[in-house]
């Protein structure tokens, strides 16, 4: 797609950005041609977000320059970026739940436009790109895919010549991803350049013309993704050989370790999703997956199982056959259930205290880290050191604060802390969200080893690839309801996708109970 | 050259200790400036307030007597503040504690026995507990903000005091003055150091500081308080109940405030009068923060604030500073402490004009912040 003679739409030359103690971007240079779909590929912390924020005028480079159509430009703020013709769709949407689509769009644009004219322009864009979206609907009734379309329309209203998409598919169902790709291809064919940020290799192979790969803030390669294999790009991205994680299937499972019968619970927060009569079982040695788009009751399910709801649940939960709906967190942990929540900072761990103190947080029940009301600091430190060594957590030691660890390392610590307690049942939510590929592989292996040792694992994840690679059975959660369990062997991805989108088949989907925006930030 | 603030990667431990001293120093400087501007002898005022109480050994016992209630109340408040439970009404709990103890004293008036004083102290603690239990109940049951309820209950307590002094508890032989009988020798605190004003409350305050230190640093309860304050969601995950922590924090601070109240009534006052409240409950908030919510820091901060009480009285008599001056100094201390606290998380940097492109650095990031939802606002 290299148009000779045309200057590139956007060119970065030697962009460097320093934060205290970190070099986020180091002499980054690359160019995006008109009409090109250009992937920016890299692990978490590789510097993608910083770079994109510099392009969109949110941050400012310490060194280097930006060329727009061949001319050097200063982009002091996002408004200036939009005036140049740069549009951006953020990973996390900023929409008002209680307002309509059109009202949200009107709030998000810079120019003053009459109501009627705005409506006409929105409808024209929706038709031109075949985007199914009703401008009069209120946002809280929309699915995540529809919400993303609002952001896209917002960006398209400015007639962008470069559209930046930041991890756009992380909350979409497979069907919604296909639809998004069609829109992006149509835009590119009309001459709009697209900068597509992702770490999902098969998507980049399917969509992009060129890929620039970032690692540790530097450009480590540029390639044609269609000519590369997903594996070769992944290895460039992590800078080493990829570890294989594979699941032996068809094993014999033991007895039910976790049994949930018609569990209902209220939603957490004003836009929480109540759980409705969820039933499932996990046997010894088995990994059961819960798929679903974020904000469909996953957080509530984890809280209800772990006992964090303080008695608001109804139904029955059996741990190793023992009823424990009335038990609190500590009693459930002593009974053999451990859990890992999705949010690491402030939920799974406290950033401001040491790893040793973070070990006391949940391991005190099963590992004897307290006695007669006193904390046994020496024992806690030993346990934390054991976790650090066993799980290869990169840190200065048990006295380091949890907040000083990278996301991936902290997640390894949290996983290690729960796994070393030898739980009979482990409930995990999004264990590899925002974690680099190396840490993700280590976490996956640890889960498989734990299951092989006879524990039952309930894995809640939005990442279908992860679920298909690890789980024996999968169910889909949508609007607080759980679909039927499906064996992973011979599963239909299309069916899973439809279930994620709210098609319940035998169960009627409740009105307005659609997928909700991901509310907790990564 | 411009000054600018740069975020530190980790909070500075050194600054954690330096900033309280810095706040005291800035209070002194600002005090000199303000009193000079008002036409007083500014330097003399500072000398009277901060130096005289320390220079005169005879006044030292006064310092301990004033510091004791401040330390006892602040220790309890620190437990709550660590857990993000904001008991602002220690003054009210202090008054009600003192009233409850006084009630026992009046009921046992004319009796003799070693049981009387312990009974008064117990009643004092229970009185403070009960007064703090009201905001705790409202908070845990109806989610009512404890800052408002505890503060408003202070004024209820003051009115209760006035009513009892002018009505049922008025000394029948007191020439119609609104105050109670003087307590008997069975009802007053013994001197801890014979021949001085230093009463039993002083060593008790120091002992309580040590106990609080051990509890906060070494026990599961102290850990719970810290985790609930730092990360409520993580606390829930760890099995710590937010509701029980609210009760714990309010009852602890209420009980200790009540204890300080009855010590003050049975010690320096030896009776109950409408002049009993002297804002120890509010000043203790400053003590808790100046002491960094750490028991040993609180002992030091309690002494510093005691100096300002004693010195303030000095300055009133010697150079005619108004009574409000003491309160002003205490307020400035908290104000400056909160202001310089920014240095714990940020460092000051001088940046030269040519060092970086200034227009880029001074640009606020508000437009971007408005579009990207912050995690706090999104999950609220």
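The values are calculated or read from the model by the stated rules, or taken from the named source; none is laboratory data. As the structure is a prediction and not an experimental result, all values here were calculated from the model. So basically every Cβ, Gly included, is an ideal-geometry build from the backbone, and we count neighbours across all protein chains shown.
Out of the residues in the range A:63-83 meeting the condition of being surrounded by 18 or more Cβ atoms within 10 Å (Cβ to Cβ) and more than 11 Å from every other protein chain (Cβ to nearest Cβ), tell me which one is farthest from the chain's Cα centre (by Cα).
Among residues in the range A:63-83 that are surrounded by 18 or more Cβ atoms within 10 Å (Cβ to Cβ) and more than 11 Å from every other protein chain (Cβ to nearest Cβ), the one farthest from the chain's Cα centre (by Cα) is A:68.
So how many residues does the range A:380-399 have that are modelled with pLDDT of 95 or more and within 13 Å of chain B (Cβ to nearest Cβ)?
1
Restricting to the range A:199-222, what's the tally of residues that are under 21 Å from residue A:170 (Cα atoms) and part of a strand (DSSP E or B)? Let's see the steps before the verdict.
Of all residues in the range A:199-222, those under 21 Å from residue A:170 (Cα atoms) come to A:199-215.
Subsequent filtering for residues that are part of a strand (DSSP E or B) retains A:210-215.
Final tally of qualifying residues: 6.
To keep it simple, each residue is scored yes or no on (1) in a loop (DSSP other than H, G, I, E, B); (2) closer than 13 Å to residue A:193 by Cβ.
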{"site": "A:27", "(1), (2)": "no, no"}
{"site": "A:35", "(1), (2)": "yes, yes"}
{"site": "A:54", "(1), (2)": "no, no"}
{"site": "A:57", "(1), (2)": "yes, no"}
{"site": "A:65", "(1), (2)": "no, no"}
{"site": "A:75", "(1), (2)": "yes, no"}
{"site": "A:80", "(1), (2)": "no, no"}
{"site": "A:83", "(1), (2)": "no, no"}
{"site": "A:91", "(1), (2)": "yes, no"}
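Quick check: is even one residue across the range A:277-287 facing another protein chain (nearest Cβ under 8 Å) and touching a strand residue (DSSP E or B) at 6+ places or on another chain (Cβ under 6 Å)?
Step one: list which residues in the range A:277-287 are facing another protein chain (nearest Cβ under 8 Å), which gives none.
Scanning the range A:277-287 turns up no residue that is facing another protein chain (nearest Cβ under 8 Å) and touching a strand residue (DSSP E or B) at 6+ places or on another chain (Cβ under 6 Å).
Just to verify a result, which residue in the range B:222-240, among those that are more than 7 Å from chain A (Cβ to nearest Cβ) and buried (at least 18 other Cβ atoms within 10 Å of the Cβ), is farthest from residue A:346 (Cα to Cα)? Even if it seems obvious, please write down each step before you answer.
The first filter runs over the range B:222-240 and keeps only residues more than 7 Å from chain A (Cβ to nearest Cβ), leaving B:222, B:224-226, B:228-229, B:232, B:235, B:240.
Pick out the ones that are also buried (at least 18 other Cβ atoms within 10 Å of the Cβ) and you get B:222, B:224-226, B:228-229, B:235, B:240.
Working: B:222: 18, B:224: 14, B:225: 15, B:226: 13, B:228: 10, B:229: 11, B:235: 9, B:240: 14 Å.
Residue satisfying both the conditions and the ranking: B:222.
Residue-by-condition table, conditions (1) modelled with pLDDT under 50; (2) touching a helix residue (DSSP H, G or I) at 6+ places or on another chain (Cβ under 8 Å):
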position	(1), (2)
B:315	no, yes
B:332	no, yes
B:335	no, no
B:343	no, yes
B:358	yes, no
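Which of the residues belonging to the range A:350-362 are within 10 Å of chain B (Cβ to nearest Cβ) and farther than 17 Å from residue B:242 by Cα? Reasoning before the result, please.
Start the filter on the range A:350-362 by keeping residues that are within 10 Å of chain B (Cβ to nearest Cβ), which leaves A:350-353, A:357-358, A:360-362.
Of everything in the range A:350-362, those that are within 10 Å of chain B (Cβ to nearest Cβ) and farther than 17 Å from residue B:242 by Cα turn out to be A:351, A:352, A:353, A:357, A:358, A:360.
Return only the number of the condition from (1) more than 14 Å from chain B (Cβ to nearest Cβ); (2) over 29 Å from residue B:221 (Cα atoms) that residue A:325 does not satisfy.
Of the numbered conditions (1) more than 14 Å from chain B (Cβ to nearest Cβ); (2) over 29 Å from residue B:221 (Cα atoms), the odd one out for residue A:325 is (2).
Of the residues A:178, A:151, A:146, A:120, which is touching a strand residue (DSSP E or B) at 6+ places or on another chain (Cβ under 8 Å) and in a helix (DSSP H, G or I)?
Details: A:178 fails: touching a strand residue (DSSP E or B) at 6+ places or on another chain (Cβ under 8 Å); A:146 fails: touching a strand residue (DSSP E or B) at 6+ places or on another chain (Cβ under 8 Å); A:120 fails: touching a strand residue (DSSP E or B) at 6+ places or on another chain (Cβ under 8 Å).
None of the other options fit; the residue is A:151.
Which of the following residues is within 14 Å of chain A (Cβ to nearest Cβ), surrounded by 19 or more Cβ atoms within 10 Å (Cβ to Cβ) and modelled with pLDDT under 85: B:372, B:326?
Working: B:326 fails: within 14 Å of chain A (Cβ to nearest Cβ).
Answer to the check: B:372.
Of B:218, B:243, which residue is under 15 Å from residue B:134 (Cα atoms) and facing chain A (nearest Cβ under 10 Å)? Quick ask: steps written out before the conclusion?
Values: B:218 fails: under 15 Å from residue B:134 (Cα atoms).
B:243 is the lone residue from the list that is under 15 Å from residue B:134 (Cα atoms) and facing chain A (nearest Cβ under 10 Å).
Against the condition more than 10 Å from chain B (Cβ to nearest Cβ) and modelled with pLDDT of 90 or more, how does residue A:411 come out, does it pass? Write out each step before concluding.
Values: more than 10 Å from chain B (Cβ to nearest Cβ): yes; modelled with pLDDT of 90 or more: yes.
Taking the combined requirement at face value, the residue satisfies it.
Checking the condition within 13 Å of chain B (Cβ to nearest Cβ) and in contact (Cβ under 8 Å) with a residue 60 or more places away in the chain, which residue from A:319, A:305 passes?
Details: A:319 fails: within 13 Å of chain B (Cβ to nearest Cβ).
Exactly one residue qualifies, and that residue is A:305.
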